[in-house]
Amino acid sequence: MKNEACTYILIIANNDLDKLRRTVDSLLKQTVERELLRILIIDNASQNDTYSRLIDYEIEYPELISVIREKKPTTKGRLLKRMIRHLRYAEVGSSMILEPGDIICPDLIKNANMILRLKESLGSLIYETDIWDGQTIKSQTPIFTSNCVIT
């Protein structure tokens with residue numbers, strides 16, 4: 001049965017473990033209940049120890065994090081297509097794509113889910129996030145300015 005409150009988070013890793021750690025750590029600090037999150041990380045045939053470190057996350061958080069490894073490096077477009085295919089079978093209500101290095105505020109997923117539930121006719125939500133290092137926020141220039149719901 002589909003859980004409309006659950007969020008699926010998709011991340012592509014390319015030899016960028018340090019950036020990825022910051023992203024995963026910010027996801028682990030989310031105020032939404034852990035059972036309402038699923039994180040899928042695709043390792044794009046990293047040549048360093050990125051994959052083995054990702055497996056450590058999967059072992060530590062088996063209900064939360066899943067890792068897939070590509071044997072050969074491939075384009076980001078193909079990886080996103082594969083992730084979207086994954087979503088067809090996911091029992092979640094919403095999804096989010098993050099880049100390694102993205103750091104999100106602790107309430108972001110909880111607030112996004114609340115907005116999506118309140119706005120029943122809303123099909124998607126675009127977040128223009130600021131950069132947050134855990135202490136200070138640096139505002140970004142918005143990309144989307146019309147015909148979008150921006151939070």
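Numbers below:
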read-out	value
Some residue of segment 44-64 being more than 19 Å from Ile103 (Cα to Cα) and of a type in the set (Val, Ile, Thr)	yes
Residue selected from segment 39-49 under the condition modelled with pLDDT of 90 or more and surrounded by 20 or more Cβ atoms within 10 Å (Cβ to Cβ), by the criterion farthest from Lys72 (Cα to Cα)	Ile39
Failed item, numbered, when Asp16 is tested on (1) surrounded by 19 or more Cβ atoms within 10 Å (Cβ to Cβ); (2) out of contact with any Lys or Arg (no Cβ under 8 Å at 6 or more places or on another chain)	(1)
Members of segment 75-102 that are open to solvent by less than 40 Å² (accessible area, probe 1.4 Å), at pLDDT 80 or above and not in a helix (DSSP H, G or I)	Ser94, Met96, Leu98, Pro100, Gly101
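The values are calculated or read from the model by the stated rules, or taken from the named source; none is laboratory data. Quantities reported herein were computed from a predicted structural model and do not represent experimental measurements. Here Cβ is always computed from backbone atoms with ideal geometry, including for glycine, and neighbour counts include all displayed protein chains. Please note that ligands, DNA and RNA were not included when accessible areas were found on the heavy atoms of the full protein model with its side chains. Shrake-Rupley method; radii C 1.70, N 1.55, O 1.52, S 1.80 Å.
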